[in-house]
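The values are calculated or read from the model by the stated rules, or taken from the named source; none is laboratory data. Treat the numbers as computed from the prediction; the structure is a model and nothing was measured. As a convention, Cβ positions derive from the backbone with ideal geometry for all residues, glycine included, and neighbour counts pool all protein chains shown. Surface accessibility is based on the protein's heavy atoms, side chains included, excluding ligands, DNA and RNA. Shrake-Rupley method; radii C 1.70, N 1.55, O 1.52, S 1.80 Å.
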Amino acid sequence: MPISIRYRVLCEVSIQHAYFLHVGSLPFEALSPSLKNRALRNFRISDFLEIIPTAETSARLSGMNMRFKSGDQGFLIGVRIADAAGTDKPFLTPDPNLRLHFGIRVKDPLFFNYTSLPENPTLTSSKIYCFSNDNTDRNAGFLTQKLPGFLSARSYQAGELYTDSATPPNLYEAIRNTGPAGSPVAADWRRIPPDNFNAAANYHKDEVVLSQNVVYKALVENPGSNLSNIANWQNLGPLSHQYVSHLDKTALFPPQFQVDLSLAGISTGTVRITLKASGAVVLSVPFTFGATGPKTVALSMSGLEEGLYQLDVLNPGNNVLPAQSRTFMMSGQAVKQGWIGMISLGPSDGDQSWFDGAGALRSPVYALRFFNRATRWEYHFPKAQTIGSGAGVVAVPGKQDTLVTPDPIPLTRFASGVQLQADLPGTPGVNESVLLPLPDPQRIRQENSQWYSDVFLPNLSL
């Protein structure tokens, strides 16, 4: 009798990008079902990113009867399950310390234009974004670290985010480069996304609204303005406010590298490297420096598995010097191929673990979300343009032929343009308005610590 080899989903990773999935300032979670379907129909991560199992991971997948499969919205790992009928347990039980690593390579040359990332890694960068299902917010299902609160000692770049302590928390975006500051400078930050719920409006059944970071769906026609009325409104939950941030960055080292200890303040000691997940010591290198000459220690991790490690410097008394400690990702493949990030997955624990208490598959879905850049949209004309009341743009001081939005607007693939209201004096009573187009993400620049998108247009005929 032939043996039936069956596979089931071990886990999935959903990769999302606000540029492709948000509509203007409205986040994906707050879109109507029809808009969500439209966004998803046109969303393929292969348009901008490539997910690559590392060579080590490919070998492990094969040895553990696992399969990697990419899709339009992420990837999944399948696992062979035991032959016994009705079982949901894997054919081979993975080691609790198993780690699977997947590189993230940018395919779209415009990716960093429409993606809001602090200090974007480059092909020569010694930094990489590391995402893991063992992070501090693992039970929420996100592979990114939880967005931090405001940090007074930190300098922020335009587009960076922080959350406050409200319930649910508010999300704030830096309009321009700012900080350090004892508290957020009001002119430099704005709360996002704005609410779209209008208490005076009449909503139809199944319409979706956003109010105070919570999404609601109308259950009836004309549900009224009381969002807490559960007979008329369904609470779909708060916005997650979870995106890639500076907390996800770490150092990237090849298997052979040097550590500069010129600021350690000691001439003899030990460099110790431990595996981040287990704390196991994998390398211990003593050093002694002379009175002159370089104070560097050469380290070789050839033969060790790729992944996250902890480097500590110990003084002669075997005490750790905290100022010299650092976490780093070691991957020769990531260095050679210029990856901007790596996803690290393992059995984990809590709500997002691969298995339940009996060892059966739970098939969790993890999420990795990128935020979109916001820019001030600047429209350039051959000559001056007339602006009336109600326009979404203003003239640039000293440049009547250049109009700009007063505030940054999120770059998204689907959204409305900006309205220009002319109101020419010779034609009273005539609605002389035109919708200016969305900017192309190819034309962005930074000026006065803010991001701008340039759009070049002919003179308007109204």
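Things to note:
- Table column - 3J(HN,Hα) (Hz), segment 48-61, Karplus curve with 6.51, -1.76, 1.60, x for Gly and Pro: 9, 9, 10, 9, 10, x, 5, 4, 4, 5, 4, 5, 5, 4
- DSSP bridge pairs, the chain: antiparallel proportion in percent, nearest 5: 80 percent
- Segment 1-78 - convex hull of alpha carbons, volume per residue in Å³: 130 Å³
- Among the listed pairs 69/146; 249/295; 127/336; 146/249; 276/336; 127/249, those beyond 18 Å (Cα-Cα): 69/146; 249/295; 276/336
- Residues with amide H under 5 Å from that of residue 10, placed H, sequence gap 5 or more: 77, 78, 79
- Dipole magnitude (debye, nearest 20) for the chain, charges at Cβ of Lys, Arg, Asp, Glu: 740 debye
- Cα-derived Rg over Rh, computed across the chain with Rh taken as Kirkwood radius: 1.03
- Summarising the amide proton neighbourhood of residue 372: residues at separation of 5 or more, or on other chains, whose placed amide H is nearer than 5 Å comprise 18, 19, 116.
- Counting protein heavy atoms only, the chain has 52 percent of its accessible area on carbon and sulfur, 1.4 angstrom probe.
- Per residue, the convex hull spanned by the Cα atoms of segment 50-196 amounts to 205 cubic angstrom.
- Using a Förster distance of 35 Å, the FRET efficiency for residue 430-residue 198 (Cβ separation, nearest 0.05): 0.80
- Converting phi to 3J(HN,Hα) with the Karplus coefficients 6.51, -1.76 and 1.60 and the offset θ = phi - 60°, segment 357-369 yields x, 8, x, 7, 5, 10, 6, x, 10, 9, 10, 10, 10 Hz in sequence order, with x at every glycine or proline.
- Taking the square roots of 5 times each eigenvalue of the Cα gyration tensor of segment 301-436, largest first, gives ellipsoid semi-axes of 57, 24, 14 Å.
- Segment 154-167 - phi-based ³J(HN,Hα) in whole Hz, Karplus 6.51/-1.76/1.60, Gly and Pro as x: 9, 8, 9, 9, 3, x, 6, 10, 8, 10, 9, 9, 5, 10
- In plain terms, if you count all Cα to Cα distances in segment 266-346 and split them into 5 Å steps from zero, the share in each step is 3, 13, 22, 22, 17, 12, 7, 4, 0, 0 percent.
- A crude spin-label estimate for the pair residue 267 and residue 58, with each label 7 Å from Cα along the Cβ direction, gives 5.0 nm.
- Heavy-atom surface of the chain, accessible at 1.4 Å and reported per residue (Å²): 47 Å²
- Taking Cβ atoms as reference points and 14 Å as the exclusive limit, the residues near residue 7 contribute a net charge of +3, counting Lys and Arg as +1 and Asp and Glu as -1.
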